[in-house]
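**Student:** Okay, here's the structure, questions in a sec.
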Amino acid sequence: MRRVMRCVGVWAVLLLVSAATAPAPPAWAALPPPAREAPVPAIARTWPVGVRPLVLRGWQPPATVYGPGHRGVDLAAPPGAPVRAVAAGRVTFAGRVAGRGVVSLQLTGTNLRTTYEPVSPSVRKGDAVGAGETMGTVEATGSHCSDTCVHWGLLSGETYLDPLSLLPPWLLQRGPSRLLPVLT
């Protein structure tokens, strides 16, 4: 019995020592999950490119702040196609980042910012643009798509959101319009 008690005592001491000397997890690992954002208002009046472009890759939010994911959507667009503001706003950046042309637009009356790349900008920082106004053209190179595309992003502060949520249902729907019977 004495031998069993001694083994239990040794194991208890080992357990306490290992718990006390265990390395703490990195600070970023203990970050709380992102807070639920308020719904994004469907304020867009047009697609950034084309009429109803093909979505080559959709939004895939990361599980953690620095985790893998796709922080925007890739829209099929040929080189030289006009890139338009989806809603009215003010240009907060127009230039090159990592060799690609980027335009960032703060949407009027919101805390939302949209980004577009690769774009050869025709606007400058501080310019006010209206919904549907051309901000530049799609660059032929520099895209991360296998084909040319525009990566369209949406941020609220530093949090990425699904840019398709800016589009009202009538812009998202595909298929023919249908007339409904008039009920009297």
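**Student:** What length, rounded to one decimal in nm, is gained on full extension from Q106 through to A63, with 0.36 nm per residue of separation minus their alpha-carbon distance?
**Tutor:** Stretched out fully, the Q106 to A63 stretch lengthens by 12.9 nm.
**Student:** Quick check: from the Cα gyration tensor, does the stretch 30-149 come out rounded (a/c under 1.5), prolate or oblate?
**Tutor:** oblate
**Student:** Go ahead and run the numbers for FRET between V51 and E133, Cβ-Cβ distance against an R0 of 22 Å, rounding to 0.05.
**Tutor:** Efficiency, rounded to the nearest 0.05: 0.85.
**Student:** Is the shape of the stretch 116-162 rounded, prolate or oblate, going by the alpha carbon gyration tensor and its root eigenvalues a ≥ b ≥ c, with a/c under 1.5 for rounded and a/b larger than b/c for prolate?
**Tutor:** Oblate.
**Student:** With a Förster radius of 30 Å, plug the Cβ-Cβ distance of A98 and W170 into 1/(1 + (r/R0)^6) and report the FRET value to the nearest 0.05.
**Tutor:** Here the calculated transfer efficiency is 0.25.
None of the figures in this text is laboratory data; all of them are computed from the coordinates on show. Given the structure is predicted, the values throughout are model-derived calculations rather than measurements. Cβ coordinates were reconstructed from backbone atoms using ideal geometry, including for glycine residues, and neighbour counts include every protein chain displayed.
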